[in-house]
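The values are calculated or read from the model by the stated rules, or taken from the named source; none is laboratory data. Fair warning: this is a prediction, and the values are worked out from it, not measured in the lab. As a convention, Cβ positions derive from the backbone with ideal geometry for all residues, glycine included, and neighbour counts pool all protein chains shown. Only protein heavy atoms, including side chains, enter the accessible area calculation; ligands, DNA and RNA are left aside. Shrake-Rupley method; radii C 1.70, N 1.55, O 1.52, S 1.80 Å.
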Amino acid sequence: MMTLLPRVRHAIDRDELAPPGSRVLAAVSGGSDSVALFHVLRQLAGECGFVFAGVVHLNHGLRGEESDADESFCRALAAEYGQPIEVGRRDVAQLARDERVSIEVAARRARYDFFADAVGRLNADRIATGHTRDDQAETFLLRVLRGAGATGLAGIRPRRGPVIRPLLDVRRDELLAWLASLGQPFRTDASNRDLRIPRNWVRHRLVPLLAEQLNADIVEVLAREATVLRDEALFLDRLANDAAAHLETVLPDRRIRLDARALTGLPVALARRVVRQALGRTENPQFHGFDHVEQVLALARPVGDRSTADLPGVRVERNGSGVVLYNRGTSARPAPSGFSCDLPVPGRAVIPDRSWAVEAGRERRVPRQLIAKQAVGGDPDVAFIDAAAAAGGLAVRSRRPGDSLRPLGLQGRKKLQDVLVDRKVPRNERDRVPLVVDAQDRILWVAGHVLSEDARVTDSTRSVVVLKLIRNGEEGDEA
């Protein structure tokens, strides 16, 4: 078995996490995993060819003096090794109250918003977090207990936008042993022992119990299962997107209508995925599990006398031949007017109504398979464009009269209106589709749908910009 550092280097190369020349930040909380990550990146930077660009630390303000001590520790660690550090502060408790979510959800949102900002300010390409094999297994179990589908059970991804997780092949105990061999101290967060927090209960009670009862390396079993499901989930998502294009309509007041007969005519696995995606588009961040999805499907079937269901933050109604879903807090809000905002590279543009965001990251090395991916199609929410097309800057905007583009693979131009009709985008949804444009206002990507010939990656491309469409509620439970 490879030792720790070669194994991490293998993961970085395999998943293309930090190409040569890229600038990588380490997200350091002060805990053992993130401190180990700091040293791993510091030691592998020269060997892998990336630049270790510094440290970022977010003070959540949840534990008073202890939080401040974590911040001081991280500042001292960065100073000891001559690394720059950027520190942010967020009142996570107030954020949780304002958004009516748990402390854990609010803290996760605050972290990833801070990460996205830090990447742009520090001119970095990536920000690494210290998620381990154990975190992957714990996330899998948490989502099983909450009734997640295959997408949820796919667990923590090695890369999501500019965020990378190079330690997903490494166990937590290995990192602790490695830190001990270096004589490197770290901070211990007492709240990690609070069994009222679901992740802590899974970590300290459920995982040890399963390992003992099954006499198996349960962490490894669950982590491998997550990897298999991640590959399968991407395929199933494409099928669900195709099905939704035929049976889903976005109404003028932003409610979502599903054709009941068409929905129940689908294979049940596909119907569940269509419903889960529709729930995600209600712009409600609360978790919806198996039972919630089944309630929607039950209303779609022509049996029983129930006509409504109340899910977390979402109201579902049987209305004639359709099932209508809407966010109870925002259903009466009017559809957004036109929008336009800059898209930094790297960085993120958040669409004003917050139902979408577009992320951009830079790849200095151009994998040859990118050219083939454009031709055969990949994840519709990810696009690779020639960095030369972004040289003057990028922006994200809504459609305007007269918009047109050269869709990939076609010789002539095509009206954007015709593209959206061909893609079966509902009429009332078309003004909400984000368009990534260049400095000349040429459409480079109809986000989630079509790439332009003006942005094509070719054999002469020197670097690429990776664009990703983030739909509301996609961030997941990734600790």
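Just one of the numbered conditions (1) closer than 23 Å to GLY347 by Cα; (2) modelled with pLDDT under 90; (3) more than 23 Å from the chain's Cα centre (by Cα) is not true of ARG368: (1). Of all residues in segment 143-189, those that are farther than 27 Å from LEU4 by Cα, of a type outside the set (Val, Ile, Thr) and part of a helix (DSSP H, G or I) total 5. Among the residues of segment 142-167, those that are of a type outside the set (Val, Ile, Thr), surrounded by 24 or more Cβ atoms within 10 Å (Cβ to Cβ) and at pLDDT 90 or above comprise PRO166, LEU167.
Only helices (runs of 4 or more DSSP H) whose full extent lies in segment 225-316 are considered here, and the ones with at least 2 residues that are open to solvent by less than 50 Å² (accessible area, probe 1.4 Å) and closer than 26 Å to PRO158 by Cβ are 268-280. ALA216 meets all of the listed conditions (1) assigned to a loop (DSSP other than H, G, I, E, B); (2) modelled with pLDDT of 90 or more; (3) aliphatic (A, V, I, L, M) but one, namely (2).
Residues in segment 172-224 that are surrounded by 14 or more Cβ atoms within 10 Å (Cβ to Cβ), over 27 Å from the mean Cα position of the chain (by Cα) and of a type in the set (Gly, Ala, Ser): ALA211 only. Considering segment 401-424, and only residues there that are open to solvent by less than 70 Å² (accessible area, probe 1.4 Å) and small (Gly, Ala, Ser), the residue that is farthest from the chain's Cα centre (by Cα) turns out to be GLY412. Here the condition is being touching a residue at least 40 places away in the same chain (Cβ under 8 Å) and farther than 22 Å from ARG143 by Cβ; of VAL324, VAL293, it holds for VAL324 alone.
I'd like the full set of residues that are open to solvent by 30 Å² or more (accessible area, probe 1.4 Å) and within 22 Å of GLY412 (Cα to Cα), limited to segment 428-458.
Residues of segment 428-458 open to solvent by 30 Å² or more (accessible area, probe 1.4 Å): 428, 431, 439-442, 449, 453-454, 456, 458.
Once the filter is applied, which keeps residues that are open to solvent by 30 Å² or more (accessible area, probe 1.4 Å) and within 22 Å of GLY412 (Cα to Cα), segment 428-458 yields ALA439, GLN440, ASP441, ARG442, HIS449, GLU453, ASP454, ARG456, THR458.
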